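Single-structure report; data block below.
The values are calculated or read from the model by the stated rules, or taken from the named source; none is laboratory data. Computed from a predicted model, the values in this text were never measured in an experiment. Positions of Cβ are backbone-derived with ideal geometry, glycine not excepted, and every protein chain shown enters the neighbour counts. What goes into the accessible areas is simple: the full protein's heavy atoms, side chains included, and nothing from ligands, DNA or RNA. Shrake-Rupley method; radii C 1.70, N 1.55, O 1.52, S 1.80 Å.
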Amino acid sequence: MSKNLFRYNIALFRKKLLTRTSIVISMFALFLLYNTLQLPEAERGKFLMIFSPLFLLLIWFLQKNYKKQLEILSKGYVEMSGGTIKQFDAYGSCAAIRCKDIEKITHDSFRGYDRLVIETEEKIYPFVNILEFESFKTLVEKETGKSAELDTEVINYFSMRSFWFFLPSIVFIGAVFTPFLAALYPILNRDTAVLFFNVNLIIFFLYLPEKNNYIITGFSMKRRMLFITSMVFFFQVYTNLSKSGFFK
């Protein structure tokens with residue numbers, strides 16, 4: 001009985017994961033620096049004592065997550081033999097799918113990776129970032145006698161929908177830079193504009209469309225971005241309260 005083994009594209013995954021991790025760390029570092037400089041010099045030490053440990057904890061968590069995900073991917077693989085698709089994880093567990101039980105096959109893109117979504121009556125199995133994806137797809141189609149449906153849906157974050165989400169911020173920032181309005185309403189200042197924009201950003205990510213990953217529904221880019229923007233909002237609130245003398 002011949003076996004066909006398919007590994008994951010570790011190099012591509014490492015590149016994307018490193019890029020995402022670097023962006024998250026850079027964002028936190030920049031906002032930490034920006035908010036520190038907005039405070040009076042006497043308040044900066046207290047601010048850094050509170051938020052620097054959180055920043056270091058974030059780096060530790062991201063580094064641990066980075067190594068763990070690479071280890072999991074490097075040990076996992078997919079095997080096809082005897083009319084069965086077997087997906088092995090890093091811990092030796094195996095999910096087996098009989099080709100005759102497959103009802104539908106879909107080829108789409110998920111977070112920049114090619115993905116083959118295999119559906120049976122009981123469950124949905126996603127296969128993402130296979131190194132030899134086209135060979136894997138062809139073999140699955142051959143074994144099942146079904147052709148993969150191509151899902152060309154692409155989530156466009158820069159659309160008219162996004163424009164309407166950010167219209168309140170555009171109007172608010174426009175008002176801030178309109179001299180006679182800024183003179184009439186003291187709330188129209190740059191600090192409030194940044195705070196308002198971040199609230200707008202939180203709302204945008206809250207309603208951000210995202211494809212189902214079919215594995216861990218609670219772990220998504222949306223949740224990560226909501227966490228980041230919420231932390232930034234907390235930084236901004238603390239900074240503005242400190243500048244107003246609230247903590248004195």
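Reported count of residues in region 28-54, each being buried (at least 16 other Cβ atoms within 10 Å of the Cβ) and part of a helix (DSSP H, G or I), is 9. Annotation: P126 fulfils all but one of (1) touching a strand residue (DSSP E or B) at 6+ places or on another chain (Cβ under 6 Å); (2) farther than 30 Å from L208 by Cβ; (3) surrounded by 15 or more Cβ atoms within 10 Å (Cβ to Cβ); the unmet one is (2). When the residues of region 77-112 are narrowed to those that are under 13 Å from P126 (Cβ atoms) and touching a residue at least 60 places away in the same chain (Cβ under 8 Å), which ends up surrounded by the fewest Cβ atoms within 10 Å (Cβ to Cβ)? Applying the filter and picking the extreme gives R111.
Considering every residue within region 137-151, establish whether at least one is of a type outside the set (D, E), surrounded by 13 or more Cβ atoms within 10 Å (Cβ to Cβ) and free of Cβ contacts under 8 Å to residues at least 24 places away in the same chain. Outline the logic, then answer.
Residues of region 137-151 of a type outside the set (D, E): 137-140, 142, 144-148, 150.
From what's left, surrounded by 13 or more Cβ atoms within 10 Å (Cβ to Cβ): 137, 139-140, 144, 146, 148.
With the extra rule that they be free of Cβ contacts under 8 Å to residues at least 24 places away in the same chain, the set shrinks to none.
No, region 137-151 contains no residue that is of a type outside the set (D, E), surrounded by 13 or more Cβ atoms within 10 Å (Cβ to Cβ) and free of Cβ contacts under 8 Å to residues at least 24 places away in the same chain.
In region 65-75, is there at least one residue being assigned to a strand (DSSP E or B), on the phi < 0 side of the Ramachandran plot and loosely packed, with under 13 Cβ neighbours inside 10 Å? It would help to see each step written out before you state the result.
First, the residues of region 65-75 that are assigned to a strand (DSSP E or B): none.
Scanning region 65-75 turns up no residue that is assigned to a strand (DSSP E or B), on the phi < 0 side of the Ramachandran plot and loosely packed, with under 13 Cβ neighbours inside 10 Å.
Checking each residue in region 211-230 for being open to solvent by less than 60 Å² (accessible area, probe 1.4 Å), at pLDDT 70 or above and either of a type in the set (D, E) or not in a helix (DSSP H, G or I) (or both) picks out K211, N213. When R7 is tested against (1) more than 20 Å from L131 (Cβ to Cβ); (2) open to solvent by 60 Å² or more (accessible area, probe 1.4 Å); (3) modelled with pLDDT of 85 or more, just one condition goes unmet, and that condition is (1). When region 171-186 is examined, which residues are found to be open to solvent by less than 90 Å² (accessible area, probe 1.4 Å) and out of contact with any helix residue (DSSP H, G or I) (no Cβ under 7 Å at 6 or more places or on another chain)? Within region 171-186, G174, T178, A183 meet the criteria.
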